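The values are calculated or read from the model by the stated rules, or taken from the named source; none is laboratory data. Computed from a prediction, not measured in an experiment: that's the story for all the values here. Because the Cβ atoms are built from the backbone with ideal geometry, glycine has one as well, and the counts that use them run over all protein chains shown.
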Amino acid sequence: MKMKSGMEQGVSVLLLLSRLPVQASLTSEAISQRLHMSPSYLKKLMRTLVQAGLAESIPGTKGGFTITKPLTDITLYDVYQTVEGRGSMYQGKGLLPSVFESGDHCVLETVMGDIEDKWSSLMKEETLQGVMNRIGKLYDLEKIDDWIHHQLKGQWQ
């Protein structure tokens, strides 16, 4: 199964924003540099996250972006639906009925729908806090916090 990079990018942005102190925001420039994303693509992604209510745009010269919900309230499914869309993962062409020359019901679509339902259920169970907890076991979160502090210091000078 192949997932577009938008999922990883959306999760990464939200996890990054979650490390901000209360009432602080990060500029799109800082985010795009940190994540090695093109500024234009990041702006498109941020617009999508803002429209979904997962991030907020703070206007002004010292503005930027912030996360709107605790990580415990955002699931991987929320991010997936936001960045990938709400359509079905499997788009059948209805070939099986042609193979067997009967009916118009495609069993494969039913099977794939069942699999997608299970996959969606698993994604709904995994919060971004769970992802962050796993990250905290593998990486030094102080490094990202220091980077954020440096960015915010530069913003307010």
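A few remarks follow.
- Pick from segment 40-60, criterion part of a helix (DSSP H, G or I) and of a type in the set (D, E, K, R), ranking: surrounded by the most Cβ atoms within 10 Å (Cβ to Cβ): K43
- Residues of segment 36-45 that are closer than 20 Å to W147 by Cα and either among the aromatic types (F, W, Y) or in contact with a helix residue (DSSP H, G or I) (Cβ under 6 Å, 6 or more places away or on another chain) (or both): P39, L42.
- G6 vs. criteria in contact (Cβ under 8 Å) with a residue 60 or more places away in the chain, part of a helix (DSSP H, G or I) and surrounded by fewer than 19 Cβ atoms within 10 Å (Cβ to Cβ): yes
- Tally of residues being closer than 18 Å to K62 by Cα and part of a loop (DSSP other than H, G, I, E, B) across segment 21-39: 6
- Any chance E116 is free of Cβ contacts under 8 Å to residues at least 40 places away in the same chain, farther than 20 Å from L26 by Cα and surrounded by 13 or more Cβ atoms within 10 Å (Cβ to Cβ): yes
- Test result for S18, touching a residue at least 24 places away in the same chain (Cβ under 8 Å), of a type in the set (G, A, S) and closer than 26 Å to E126 by Cα: yes
- Scanning segment 7-23 for residues being at pLDDT below 95, hydrophobic (A, V, I, L, M, F, W, C) and over 11 Å from the mean Cα position of the chain (by Cα) gives a total of 1.
- Annotation: T75 fulfils all but one of (1) within 17 Å of M132 (Cα to Cα); (2) out of contact with any Lys or Arg (no Cβ under 8 Å at 6 or more places or on another chain); (3) at pLDDT 95 or above; (4) of a type outside the set (G, A, S); the unmet one is (2).
- Pairs linking a residue in segment 65-92 that is outside any loop (DSSP other than H, G, I, E, B) and surrounded by fewer than 17 Cβ atoms within 10 Å (Cβ to Cβ) to a residue that is among the small types (G, A, S) and modelled with pLDDT under 95, with Cβ atoms under 7 Å and 6 or more positions apart or on different chains, are E84/G6.
- Any hit, segment 121-132, residues being farther than 15 Å from Y77 by Cβ and part of a helix (DSSP H, G or I): yes
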